[in-house]
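What follows is a single structure, written as structure tokens, with notes after it.
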Amino acid sequence: MKKSAIEIILASIFCVLIILLFLSNKTKYENAHKWDNTYLSVTKNYNQNHICRVGNDFYYTMPDGVYRYGNKDVVQKIKEPIIYANNDILYVYSNESITAYDIELKKIQEYKSVGNLINFSVENNKIITFDTGKKLHIYNMSSMIEYDIPTDCRILDDGSLSFKKIDDMYIIESIIEHDNSYGEFVFENGKCIFNCRNMYAHSIAFFNEDFVIITQKTFAGAYLDKYSFREYDKIEELDLTGYKASLVDFSWDNNKLIGILSNSRHNPHDDESERNNLKNHISDTLAFIDSNSMTIEQDYAMRKQERILYVDTDKAITFYDGEYISYSVDDWKIIKKESADEIQPGGQYLFEDYGDYIFVFQGNSSKPINIISTT
């Protein structure tokens, strides 16, 4: 029996609808999983030794020298440099010497024989260094006379966290011998003037002259521990395991501590970028914590695959589906959206904050591909 024209038309329409439905579902699936194989690491710049700003220019290091962002030519050709900036002076370490350059990159001073360094800073008329022997040195910048750092210290926990005090300086040290982890932090007048941390050493989440709050990387950051400088012991603990997340970053303003918690099928530890596949990402959460009472005042949960890049007491900046999104912390309304063209599906990226900026790196390169202002 021959089919009528109407039957043929209806069958054709049905086939077209099936194809359109298939294509629609395929598009929805592809969009939902577009970023699955994209790796995003978000870390605070603990070492401050490979990026800095002098005047209106940004500088970064490569294995063969120091470069200015936006200019492909090397500023200074030296092997494995370490850089630091303060008061619009660029300090460059190489070959056991630190050389100071003004804003025009004219040499103004040189400090020789400072040792084989991992990291250094120049703050408050002091040069602070940490060498390959895991020894901290503090020099008076004017005379290069070294401070006498006492060998004895106050133990704050089971032996891996301790502190010393010299004048107005608090030196906090985290050494975990079995995996070669180390953390050195120097505070003066409430400000961190030196920090250097690797692997699973404790991180300083909050500091004042009465107490310090740390997150233990060895325990995936599920707890915040508060230690008293008067009692030399842990006096309080905040359990964050209810978030099923790791505390991967933090900042503070006055007595308020802001933590970035990331819930992933694998611990998104800030030193292990290979684990930061967005396919495994469940959610990020901002937690606003009163440092005195160690209580959570407010929290905000992000969407799946939305990573928090930066937060302060006014705003938060996230990456989501190819955009940088800025939120107001007060009412969680969107302030601004910007296209993140440099972030492509399937790539591997690192976001590292420095002052009022976020540096974006691709893969294992130390050359930034973008610099985002947080103001």
Taking only pairs six or more apart or across chains, which ones have beta-carbon atoms under 7 Å, a first residue in segment 102-121 that is open to solvent by less than 80 Å² (accessible area, probe 1.4 Å), and a second residue that is acidic (Asp, Glu)? Val114/Glu96; Gly115/Glu96; Gly115/Asp131; Leu117/Asp131; Ile118/Asp131
Of the residues Asp157, Asp179, which is open to solvent by less than 60 Å² (accessible area, probe 1.4 Å), at pLDDT below 90 and in contact with a Lys or Arg (Cβ under 8 Å, 6 or more places away or on another chain)? Asp157
Of the residues in segment 331-372, how many are surrounded by 16 or more Cβ atoms within 10 Å (Cβ to Cβ), over 13 Å from the mean Cα position of the chain (by Cα) and either within 21 Å of Asp36 (Cα to Cα) or of a type in the set (Asp, Glu) (or both)? 4
Any chance you could count how many residues in segment 44-74 are among the β-branched types (Val, Ile, Thr) and surrounded by fewer than 18 Cβ atoms within 10 Å (Cβ to Cβ)? 1
By residue number, the members of segment 54-78 that are over 14 Å from Tyr91 (Cα atoms) and not in a strand (DSSP E or B) are Asn56, Pro63, Asp64, Tyr69, Gly70, Asn71, Lys72, Asp73, Lys77
So, first residue in a loop (DSSP other than H, G, I, E, B) in segment 138-155, second residue of a type in the set (S, T, N, Q), Cβ within less than 6 Å, six or more apart or across chains; the pairs are Met141/Asn125; Cys153/Ser162
Do we find a residue being touching a residue at least 60 places away in the same chain (Cβ under 8 Å), out of contact with any Gly (no Cβ under 6 Å at 6 or more places or on another chain) and part of a loop (DSSP other than H, G, I, E, B) anywhere in segment 81-99? no
Restricting the search to segment 64-73, which residues are free of Cβ contacts under 8 Å to residues at least 24 places away in the same chain and closer than 19 Å to Phe359 by Cβ? Gly65, Arg68, Gly70, Asn71, Lys72
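The values are calculated or read from the model by the stated rules, or taken from the named source; none is laboratory data. No experiment lies behind these values; they were computed from the predicted model shown. Every residue, glycine as well, gets a Cβ built from its backbone with ideal geometry; the counts of neighbours run over all protein chains shown. Just so you know, the surface numbers come from the protein's heavy atoms only, side chains and all, with ligands and any DNA or RNA stripped out. Shrake-Rupley method; radii C 1.70, N 1.55, O 1.52, S 1.80 Å.
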